[in-house]
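A short reminder: the numbers here are calculations on the coordinates, not readings from a lab. Remember, predicted model here, so these are calculated numbers, not experimental data.
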Amino acid sequence: MLFFGRTVTPIQSTTPSRREEKKQIEQLIAGVASGSREAMEQLYLRVHGPVYGFVLSITKNPQDAEDVVSDLFIRLYDVASNYQPEGKPMAWLFSIARNLALMKLRSSKRNTHLTAEEWEAFPYEGERVTPEERLLLAEAMTGLSEEERQILMLHAAAGFKHREIASLLELPLPTVLSKYHRAIKKLSRKFEEE
């Protein structure tokens, strides 16, 4: 995987539990705060996919999403020391990414839908999603509102709990649950039509 023009390889390990994963991400953030380039590379490898998916759901443009993710990792060198270990490192990263994405949208005054080619460029983890399924998913996602898309991506792609999503997006928990279930129903109807 490329990281700022260098090829890096992730550290291979067994799949950690959710708590261990959070602790490891917090340790990487602490490493970034102390100026460790390796910690930054490992943090990038761990969180790039979910952060990119979340930002893409806001910007709806792959180039803008990549710009925001790059800006996030550049900015981390300055703000990593501000992180207070509370067991929510991804929520902290997502809130910074969200702010950067919203600033990007304001500056570009653009809010377009993703084309099939742009969805095809989304870096899906694993081999579970075929190219045909990606196109079908991309088409179905266009029928969702922005908040529904964000909630779905945070829950399904990034693995956040609904309560964490509510906190991150500053929405009441019942609203998050309602929008999530509405998004699932819309996707189900769309898939049944196909």
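Remarks
- Straight-line reach from residue 104: taking Cα to Cα under 27 Å and skipping same-chain neighbours fewer than 8 places apart, the lysines in range are 60, 88, 161, 179.
- Computed lengthening from residue 63 to residue 192, 0.36 nm per intervening residue step minus Cα-Cα distance: 43.3 nm
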